[in-house]
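Visitor: Pasting in a structure now, in structure tokens, and then I'll have a few things to ask.
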Amino acid sequence: MPGKEQSDALLVTLRTANDACNFVSAAAWKSNIFNRFDLHHLCYWNIRSRFKLSAQAAIHVISKVADAYKCDHKTERRFKSTGSISYDDRILCWRMAESTVSIWTVTGRVRIPFVCGDHQRDMLLSRKGETGLAFRNGKFYLSATCDIAATEKADTTDFLGIDLGIKNIAVDSDGKVHSSGKVNHVRHRHRRLRTKLQRKCTRSAKRKLKKLSGKESRFARDVNHCISKEIVAKAKGTKRAVALEDLTGIRMRITVSRRRRATLSSWSFNQLRSFITYKAEREGISTVFVDPRNTSRTCPECGTIDKRNRKNQRLFSCVSCGFAGLADYIAAENIRRAAVNQPIVARVDAKAAKSKAEARRSAVTSPIL
């Protein structure tokens, strides 16, 4: 909650740091150097003298650029003038008793009050690592990394299978269905409204678009939080682990009609999976991922795998034994069984494996006497 002068100082700091990032990025692109340590030797003193940054701020600028190039080196990276920057404990100090932070700016160090909820204040006691400063919708936010000890995982023999989908967000092996009707309706309404406003291209339409920005994603995130909390609470109450499908790369493997592309691209299965995973870990519940192949085509009664078993999106009917039911529920049950019947793979200690490999290599290369 900075005052007017403090807010101006933070904005100048953000713009200066991001200008320095663009300078380092241009130098990295021109010289084809993307390693953080090499960039440090290349640009450190230049950005210190040119942008008047402190030593730690200059180091974080170089790290931000190096991290941006970790994905690929195909395009030159550019940074927004008010993009977030990171601080460490040398240039940002949390004073919990006073609810203030002492933070470095290009105009000097300032002490600014902050506000947060009681839950966040308790989590800040375990803060560890860097803190990010972000400017969004006219407000400044600090995002801190907190190291919270996970509850010791209990040994379980049974699993709660979860089938993730577009029509139904999640269906568990107990038959609980979390429908996506409301979420899909909100997404369709917002998509249609955005299309109308973008066609108008007036000032009032642009103001409305700015006001609507992020509303859809916040609603979907809240729904995913509620569903993940309910799933983890059920698993904890019944002393079971959670079994999920490994849907990595599914958008690359499947094709849909043109009218359904937007629905597929807005499917936030990975967000729900990450919410379930971290909530389960915090409660001491194990999470396993199984291969999703044929989970909705396999009959749980006779084991028959056939495309014809899936009559349509909703219904499953086995062509061999006639067993029928909700397709997503049957998929969740197959996921549960796959997690229970996972193959036992011997785990070899890394050092022991390395020593054995070296022994075999020496035996092959040693001369025969």
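The values are calculated or read from the model by the stated rules, or taken from the named source; none is laboratory data. Keep in mind it's a predicted model, so treat the numbers as computed, not measured. No Cβ is skipped: glycine too gets one built from the backbone with ideal geometry, and neighbour counts run over all protein chains shown.
Visitor: Taking interchain pairs and intrachain pairs at least six residues apart, which have beta carbon atoms under 7 angstrom, with the first residue in region 40-52 and in the same structural domain as S63 (by TED's automatic domain parsing) and the second among the charged types (D, E, K, R) and assigned to a helix (DSSP H, G or I)?
Guide: Close Cβ pairs (under 7 Å, with a partner that is among the charged types (D, E, K, R) and assigned to a helix (DSSP H, G or I)) amount to F51/D19.
Visitor: Follow-up. Quick one: which residue in K64, K70 is exposed (fewer than 13 other Cβ atoms within 10 Å of the Cβ), on the phi < 0 side of the Ramachandran plot and either within 22 Å of the chain's Cα centre (by Cα) or not assigned by TED's automatic domain parsing to the domain that holds L39 (or both)? Break it down into steps so the answer makes sense when it comes.
Guide: On the way: K64 fails: exposed (fewer than 13 other Cβ atoms within 10 Å of the Cβ).
So the residue among K64, K70 that is exposed (fewer than 13 other Cβ atoms within 10 Å of the Cβ), on the phi < 0 side of the Ramachandran plot and either within 22 Å of the chain's Cα centre (by Cα) or not assigned by TED's automatic domain parsing to the domain that holds L39 (or both) is K70.
Visitor: Has region 46-64 got any residue that is modelled with pLDDT of 90 or more and farther than 24 Å from T105 by Cβ?
Guide: Checked against the condition, which is being modelled with pLDDT of 90 or more and farther than 24 Å from T105 by Cβ, region 46-64 yields no hits at all.
Results for (1) part of a helix (DSSP H, G or I); (2) touching a residue at least 40 places away in the same chain (Cβ under 8 Å), shown as yes or no for each residue.
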| site | (1), (2) |
| --- | --- |
| A170 | no, yes |
| L197 | yes, no |
| K206 | yes, no |
| E216 | yes, no |
| K236 | yes, yes |
| T248 | no, no |
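Visitor: Quick test of your reading of the structure: I59 fulfils all but one of (1) part of a helix (DSSP H, G or I); (2) β-branched (V, I, T); (3) not assigned by TED's automatic domain parsing to the domain that holds A9. Name the failing condition by number.
Guide: Of (1) part of a helix (DSSP H, G or I); (2) β-branched (V, I, T); (3) not assigned by TED's automatic domain parsing to the domain that holds A9, only one is false for I59: (3).
Visitor: Then there is this: Being under 30 Å from A241 (Cβ atoms), of a type in the set (K, R) and either within 21 Å of the chain's Cα centre (by Cα) or loosely packed, with under 11 Cβ neighbours inside 10 Å (or both) is the filter here; which residues of region 128-157 pass it?
Guide: Result: K128, single match.
Visitor: Could I ask something else about it? Let me confirm something: among F275, F269, which residue is aromatic (F, W, Y), within 18 Å of V290 (Cα to Cα) and out of contact with any strand residue (DSSP E or B) (no Cβ under 9 Å at 6 or more places or on another chain)?
Guide: F275
Visitor: Let me ask something additional. Inside region 314-329, can you point out the residues that are in a loop (DSSP other than H, G, I, E, B) and under 13 Å from G165 (Cβ atoms)?
Guide: Step one: list which residues in region 314-329 are in a loop (DSSP other than H, G, I, E, B), which gives 314, 318-323.
Passing the criteria: only R314.
Visitor: Follow-up question, since we're still on this one. Has region 273-283 got at least one residue that is touching a residue at least 24 places away in the same chain (Cβ under 8 Å) and either part of a loop (DSSP other than H, G, I, E, B) or loosely packed, with under 13 Cβ neighbours inside 10 Å (or both)?
Guide: Yes: region 273-283 contains one or more residues that are touching a residue at least 24 places away in the same chain (Cβ under 8 Å) and either part of a loop (DSSP other than H, G, I, E, B) or loosely packed, with under 13 Cβ neighbours inside 10 Å (or both).
Visitor: Of the residues R314, R293, which single one is in contact with a strand residue (DSSP E or B) (Cβ under 8 Å, 6 or more places away or on another chain) and surrounded by fewer than 19 Cβ atoms within 10 Å (Cβ to Cβ)?
Guide: Criteria check complete, one pass: R314.
Visitor: Would you pick out the residues in region 164-219 that are of a type in the set (V, I, T) and either surrounded by 15 or more Cβ atoms within 10 Å (Cβ to Cβ) or in contact with a strand residue (DSSP E or B) (Cβ under 6 Å, 6 or more places away or on another chain) (or both)?
Guide: Selection gives I166, I169, V171, V177, V183, V186.
Visitor: Are any of the residues in region 262-280 over 14 Å from N334 (Cα atoms) and among the charged types (D, E, K, R)?
Guide: At the first step, the residues of region 262-280 found to be over 14 Å from N334 (Cα atoms) are 262-280.
Checking the rest, the ones that are also among the charged types (D, E, K, R) come to 273, 279.
Checked against the condition, which is being over 14 Å from N334 (Cα atoms) and among the charged types (D, E, K, R), region 262-280 yields at least one hit.
Visitor: Return the residues of region 241-269 that are out of contact with any Phe, Trp or Tyr (no Cβ under 9 Å at 6 or more places or on another chain) and surrounded by 14 or more Cβ atoms within 10 Å (Cβ to Cβ); say none if nothing qualifies.
Guide: If the condition is that a residue be out of contact with any Phe, Trp or Tyr (no Cβ under 9 Å at 6 or more places or on another chain) and surrounded by 14 or more Cβ atoms within 10 Å (Cβ to Cβ), then T263, L264, S266, W267, S268, F269 are the ones that fit.
Visitor: Hey, another quick one. For residues in region 247-262 being of a type in the set (D, E, K, R) and at pLDDT 80 or above, which is nearest to L164 (Cα to Cα)?
Guide: R261
Visitor: Just a yes or no: is a residue in region 127-140 touching a helix residue (DSSP H, G or I) at 6+ places or on another chain (Cβ under 8 Å), assigned to a strand (DSSP E or B) and of a type in the set (S, T, Y)?
Guide: No; the residues of region 127-140 include none that is touching a helix residue (DSSP H, G or I) at 6+ places or on another chain (Cβ under 8 Å), assigned to a strand (DSSP E or B) and of a type in the set (S, T, Y).
Visitor: Okay, next question. May I ask you to list the residues in region 91-105 that are in contact with a Pro (Cβ under 7 Å, 6 or more places away or on another chain) and either in contact (Cβ under 8 Å) with a residue 24 or more places away in the chain or under 12 Å from P2 (Cα atoms) (or both)?
Guide: T100
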